[in-house]
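All remarks here apply to the structure that follows.
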Amino acid sequence: MRRRHTVVLDLTERCNLRCVMCYFSTTDRLRFPPFGRELAPNGNMPLATFERIAATYFPHAWRVALGCAAEPLIHREFGTFVRIAGRYRIPELWFPTNLLALNEEKAEAIVDAGVHTVAVSVDGMRAETYEKIRVGGRFAQLEERLALLNEARQGSRTRLRIIFTWMRSNRAELQLLPAFAAAHGAAEIDVRFVTPTVGVDNAAELLANEDPGALDAELAAAAEEAVRLGLRLAYYPGFETPEDREENLVALARRALWRMRAGLYRWEYFDYELAKWRNGCAYPGRTYVIRPNGAVAPCIFWNDPPLALLPEMERAEVDRRLAPVREGLRNGEPIGTCVTCTVRGDAFYQPFRGDETRPLID
Ligand SMILES: C[S@@+](CC[C@H](N)C(=O)[O-])C[C@H]1O[C@@H](n2cnc3c(N)ncnc32)[C@H](O)[C@@H]1O
């Protein structure tokens, strides 16, 4: 069976931290539409729902994220869930986490399940910065949990990724990230800019009005150091301007080699662009985003009402409801959130519709 799907799940609507830039700074529970619906009073996904989702979607999945918006490790049954996921031998089973709720039982389950990547969010390389940003977290506890995970994953396939959300409070600490990640045995880093979040006053943390040249130089220096230390860039903001790209062959070859070592040439990037070019967007039909209340969306950007509800709807019905979203993107007549989405593109081929004079590519 061909595995081509990505499944993004949230196992809970809750988090144990109140990070300053995050929606959890103002709430202890993240509700997903339809807002009145919950599968359990505590906002956790029930085991039976997870089992059904796993049996239906995981056999076709190439990548499954057991977390997205909330904190997966605080689910009491996380160990059971991850072991179930492990049965499906998903090539890229992973999850983002603050790791603070890790214990021996969960660490063992993660490794036994063959989790490919544990992505730990660490937005401060010093205790003071970490604890200022990750409100409720203690740096010493993070260090303990990283040690626990590292002990459990010795000799296993489970890799560590460090996620760093870049903002004003930790701007200078980006330069400390490569050494921190390498010292903790990480294979890769993921750096992203802090972004505005509805309902959260994080304007003071945004780097949007800073000198772009200075930001690029800081990103370049940290990336160079990371690659020098043998780390890959799982996700990293662009930092080169067209003028930076030297034209001579030696410089081009050196750049290509560096990008290869950084892990920036990946089949999935090509595949993503190809799918976007063919269908107008790479997500609908290839990605299923499933919330703890069973709501299904075609991508993480979708904020219209969900397309389907699990566990009561069969897979065929979910796909039937996805079809108009895919058709809209292919035809150049997007619907729902796709209308205003900036991630989508134009499908290269759009069917001829009657006497329409519209060019194929506009
Ligand atoms: C929302 S958390 C949920 C998963 C888990 N609790 C964690 O800490 O990784 C996922 C990631 O989003 C990042 N994040 C939170 N608010 C953000 C914002 N306003 N802009 C960019 N990233 C943000 C966090 O730093 C974290 O790396």
Of (1) within 14 Å of the ligand (Cβ to nearest atom); (2) within 22 Å of L174 (Cα to Cα), L102 satisfies every one except (2)
- Query: Can we say Y265 is part of a loop (DSSP other than H, G, I, E, B) and free of Cβ contacts under 8 Å to residues at least 24 places away in the same chain?
  - Reply: yes
The condition of being under 26 Å from M167 (Cα atoms) and assigned to a loop (DSSP other than H, G, I, E, B) holds, among L73, L39, L17, only for L17
Checked the range 8-39 for anything more than 16 Å from the ligand (Cβ to nearest atom) and in contact (Cβ under 8 Å) with a residue 12 or more places away in the chain; matches are P33, P34, R37, E38, L39
Selection over the range 68-108 where residues are closer than 18 Å to E51 by Cβ and surrounded by 21 or more Cβ atoms within 10 Å (Cβ to Cβ) yields a count of 9
Does any residue of the range 142-158 turn out to be among the β-branched types (V, I, T) and within 10 Å of the ligand (Cβ to nearest atom)?
no
Looking at this structure, is L174 assigned to a helix (DSSP H, G or I), over 22 Å from the mean Cα position of the chain (by Cα) and under 30 Å from K106 (Cβ atoms)?
-> no
Open item on the list: Being assigned to a helix (DSSP H, G or I), without any contact (Cβ under 8 Å) to a residue 24 or more places away in the chain and exposed (fewer than 14 other Cβ atoms within 10 Å of the Cβ) is the requirement here; does A220 meet it?
Closed with: yes
Test G336 against the criterion of being without any contact (Cβ under 8 Å) to a residue 40 or more places away in the chain and on the phi > 0 side of the Ramachandran plot, and give yes or no. yes
Restricted to the range 26-53 and to residues being within 30 Å of L206 (Cβ to Cβ) and touching a Gly at 6+ places or on another chain (Cβ under 9 Å), the residue surrounded by the fewest Cβ atoms within 10 Å (Cβ to Cβ) is T26
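Okay, residues lined up against (1) among the polar types (S, T, N, Q); (2) within 12 Å of the ligand (Cβ to nearest atom); (3) more than 18 Å from the chain's Cα centre (by Cα); (4) in a loop (DSSP other than H, G, I, E, B):
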site: A48; (1), (2), (3), (4): no, no, yes, no
site: I53; (1), (2), (3), (4): no, no, yes, no
site: Y57; (1), (2), (3), (4): no, no, yes, no
site: V64; (1), (2), (3), (4): no, no, no, no
site: F81; (1), (2), (3), (4): no, no, yes, no
site: Y88; (1), (2), (3), (4): no, no, yes, yes
site: V111; (1), (2), (3), (4): no, no, yes, no
site: V115; (1), (2), (3), (4): no, no, no, yes
Only one of P292, P305 is farther than 12 Å from R344 by Cβ and buried (at least 17 other Cβ atoms within 10 Å of the Cβ), namely P292
Note on the range 1-14: residues of a type in the set (A, V, I, L, M) and assigned to a strand (DSSP E or B) are V7, V8, L9
On the basis of being modelled with pLDDT of 90 or more, assigned to a helix (DSSP H, G or I) and surrounded by 14 or more Cβ atoms within 10 Å (Cβ to Cβ), does R320 make the cut? no
So is L329 more than 20 Å from D271 (Cα to Cα) and outside any loop (DSSP other than H, G, I, E, B) or not?
no
If we keep only residues of the range 150-165 that are part of a loop (DSSP other than H, G, I, E, B) and over 22 Å from the mean Cα position of the chain (by Cα), then the residue surrounded by the fewest Cβ atoms within 10 Å (Cβ to Cβ) is G155
Scanning the range 117-132 residue by residue, those within 13 Å of the ligand (Cβ to nearest atom) and of a type in the set (A, V, I, L, M) turn out to be V118, A119, V120, V122
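The values are calculated or read from the model by the stated rules, or taken from the named source; none is laboratory data. This one's a predicted model, so the numbers in the text were calculated from it and none came from an experiment. Methodologically, a virtual Cβ is constructed for each residue, glycine included, from the backbone with ideal geometry; neighbour enumeration extends over all protein chains shown.
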